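Below is one structure, written out as structure tokens; the observations come after it.
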Amino acid sequence: MSMMRRTVAAGLCAAALAAVMTAPAQARPADGEGRWGGGWRLTESGTDARFRGLAAVSRGTAWVAGTKGTVLRTRDGGRSWRDVSPPGAQGLEFRDVEAFDARRAVVLAIGEGEASRVFRTDDGGATWSESFRNDDPRAFYDCMTFFDTRHGIALSDPVDGRYRILSTGDGGRSWRVLPGERMPVAQPGEAAFAASGQCLVSSGGRNAWFATGGAATARVFHSTDRGRSWTVSGTPVPAGDPARGVFALAFRDARHGLAVGGDYRPDQSSPYAAAVTGDGGSRWATAVRPPAAYRSGVTWLPHGHRAALAVGPTGTDLTTDAGRTWRSVDTGSYDTVDCAPDLGCWAAGEKGRIARLG
């Protein structure tokens, strides 16, 4: 297939996936949320855990990680979910999972001191090894990302005034703290939000970004060398309060990115809570029409250049113009969203909610 034909085919796939979200309703109402059409289709997870960690491997395979040390995996498109939680992890809060395929995955537990841990499996969750346990009571790890199957990093809130980066070069089997002298100084009160596993993201083999809030300015940090050095820029997303800022990022390449967030308190409004960049995060512009409420997760639809989804407790929004404008397409509650290269898109959230895009 020629390059032109591949490009056209990829664009048509992304356009079709975006159209699914706004297709005429034909299915029965789901969970009291109105008529679905071809949008999110809830699956039976068999648990009431809240899932903020999600890894979409394909249309058939996905992993979720959440409260009470819960990790689930499906290999049949969500028709059934297998509980593959690490033994003895019931007291941990899993907030991120990164999966390479149906057998290999890495999960992150958050919290102060030893509550922050990393586990890895190579056999689909039949067995797990604990590859990192934080021994610094000042550190609090929020999220992680992988550049490939070997290289990844995890992010801690500031220690001694600077964010801390944990690095692996063997697929999460071992980790080391990177030197922090090339990390910009944190603002007073600044932190990352462990809301969806998307406060730290990557694109390609070396670029990574993480998002912050809680301080005077919501900021995005950027690294081009797998976390060894960082630059930082401000965003127009409102901050100035511990509950406000940028909660999630998505980059489709080294230059084009989306930021979503707001104020996670349900009684507070979230104006201007989405931004876009076209230069790798050096400059951010407010979305012309952002989502109407707080959003904690965001992902690009695969292979296209303009369509993306954002989710939060009050619903899902779709953009078809690369983040300039967003429109509501669903009112179900989700915390995180992710899409696989084969156009398999998944969302997960409170009360065991896991859905696949129809």
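The values are calculated or read from the model by the stated rules, or taken from the named source; none is laboratory data. These numbers were taken from a predicted model, which means no experiment stands behind them. All Cβ positions, even for glycine, are placed from backbone atoms using ideal geometry, and neighbour counts span all protein chains on display.
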Taking first residues from the range 189-200 that are more than 15 Å from ASP335 (Cα to Cα) and second residues anywhere that are part of a loop (DSSP other than H, G, I, E, B), the pairs with Cβ under 6 Å that are 6 or more apart or on different chains are GLY189/GLY214; GLY189/ALA215; GLU190/THR212; GLU190/GLY214; GLU190/ALA215; ALA191/GLY214; ALA192/CYS199; ALA192/THR212
Determine whether ARG41 is closer than 20 Å to PRO313 by Cα and basic (Lys, Arg). yes
The residue that is farthest from ARG138 (Cα to Cα), considering only those in the range 168-203 that are touching a Phe, Trp or Tyr at 6+ places or on another chain (Cβ under 7 Å) and of a type outside the set (A, V, I, L, M, F, W, C), is SER203
Could you tell me whether any residue of the range 18-26 is among the β-branched types (Val, Ile, Thr), modelled with pLDDT under 95 and either crowded, with 22+ Cβ neighbours inside 10 Å or within 21 Å of VAL298 (Cα to Cα) (or both)? yes
- Message: Condition check: under 16 Å from ARG176 (Cα atoms), in contact with a strand residue (DSSP E or B) (Cβ under 9 Å, 6 or more places away or on another chain) and among the hydrophobic types (A, V, I, L, M, F, W, C). Does VAL97 satisfy that?
- Response: no
Taking the condition assigned to a strand (DSSP E or B) and either more than 14 Å from the chain's Cα centre (by Cα) or among the hydrophobic types (A, V, I, L, M, F, W, C) (or both), does ASP321 pass? no
The one condition TRP63 fails out of (1) in a loop (DSSP other than H, G, I, E, B); (2) more than 21 Å from GLY315 (Cβ to Cβ); (3) under 20 Å from the mean Cα position of the chain (by Cα) is (1)
Taking the range 218-237 and keeping residues outside any strand (DSSP E or B), within 20 Å of the chain's Cα centre (by Cα), under 18 Å from ALA310 (Cβ atoms) and not small (Gly, Ala, Ser) leaves THR235, VAL237
Taking the range 66-91 and keeping residues under 22 Å from the mean Cα position of the chain (by Cα) and either acidic (Asp, Glu) or within 12 Å of ARG356 (Cβ to Cβ) (or both) leaves THR74, GLY77, GLY78, TRP81, ASP83
For VAL118, the lone unmet condition from (1) buried (at least 24 other Cβ atoms within 10 Å of the Cβ); (2) touching a helix residue (DSSP H, G or I) at 6+ places or on another chain (Cβ under 9 Å) is (2)
message: Looking for something touching a strand residue (DSSP E or B) at 6+ places or on another chain (Cβ under 6 Å), buried (at least 18 other Cβ atoms within 10 Å of the Cβ), under 29 Å from ARG79 (Cα atoms) and not hydroxyl-bearing (Ser, Thr, Tyr) - is there at least one such residue anywhere in the range 268-276?
response: no
ARG95 passes all but one of the listed conditions (1) under 19 Å from ALA347 (Cβ atoms); (2) in a loop (DSSP other than H, G, I, E, B); the exception is number (2)
Being of a type outside the set (Lys, Arg), touching a residue at least 24 places away in the same chain (Cβ under 8 Å) and assigned to a strand (DSSP E or B), is that true of even one residue in the range 264-273? no
When (1) part of a strand (DSSP E or B); (2) surrounded by fewer than 24 Cβ atoms within 10 Å (Cβ to Cβ) are applied to LEU343, the one that fails is (1)
